[in-house]
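The values are calculated or read from the model by the stated rules, or taken from the named source; none is laboratory data. On a predicted model such as this, the values are computed, not experimentally measured, just so you know. Because the Cβ atoms are built from the backbone with ideal geometry, glycine has one as well, and the counts that use them run over all protein chains shown.
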């Protein structure tokens, strides 16, 4: 499943993990599919317990073909074109209000398994560090607002990924490499390792990279904004 449409959460119980994920996405439970990855365990007398882990997948809106009306991967419909134009307009107006001189390109990403195509927004220009911020706080806030504004206008959930000069792709590569290095260290020492605090979207890359690792598991611990990923040896 495409990573941009999913979110993994770890909490003491399944219910708490789902609630945290819905709050983070700003969605109701009927807008997502919930997959329980680990029900967790309370352990003996509260010792040796394991947290619950769930994956929330945003439900895709059907993508219709140009003639049959059935799901397909054909050229965007006129409604899709309007959504693309709307997303670009919203980002452009944001930049104007921020007095940032930059160009904005919008295009559809590859269809996901369920047919949904995310909108990819590329912002380019010079001296755009102000749009990223520490740990991409500003960029993430902008993306969150764009998702809400576009989805509200078209009255359905639309996944919009906002990027500045390829920052997200570079950061994802860095985090995945970090995850593998730290997992190797955990295997060698047999001791858990905690990473620096990260926002939820960056923690997700660590969880995804090590999701199928044979020797370690990952947990998110702490409270925002100091919440961090801990890599733990499998028992």
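Remarks
- The listed residue being at pLDDT 90 or above and touching a strand residue (DSSP E or B) at 6+ places or on another chain (Cβ under 7 Å), out of 117, 88: 88
- Filter result for residue 198 (out of contact with any strand residue (DSSP E or B) (no Cβ under 6 Å at 6 or more places or on another chain), over 29 Å from residue 92 (Cβ atoms) and part of a helix (DSSP H, G or I)): no
- Answer residue from segment 212-224, given it is part of a loop (DSSP other than H, G, I, E, B), touching a residue at least 12 places away in the same chain (Cβ under 8 Å) and out of contact with any helix residue (DSSP H, G or I) (no Cβ under 9 Å at 6 or more places or on another chain) and is surrounded by the most Cβ atoms within 10 Å (Cβ to Cβ) among those: 222
- When segment 166-192 is filtered for residues that are surrounded by 17 or more Cβ atoms within 10 Å (Cβ to Cβ) and touching a strand residue (DSSP E or B) at 6+ places or on another chain (Cβ under 9 Å), the ones remaining, listed by number, are 168, 179, 182, 183, 186.
- Some residue of segment 127-139 being at pLDDT 85 or above, part of a helix (DSSP H, G or I), out of contact with any strand residue (DSSP E or B) (no Cβ under 7 Å at 6 or more places or on another chain) and closer than 23 Å to residue 20 by Cα: yes
- Residues that are farther than 19 Å from residue 81 by Cβ, in contact with a strand residue (DSSP E or B) (Cβ under 6 Å, 6 or more places away or on another chain) and crowded, with 18+ Cβ neighbours inside 10 Å, drawn from segment 91-108: 102
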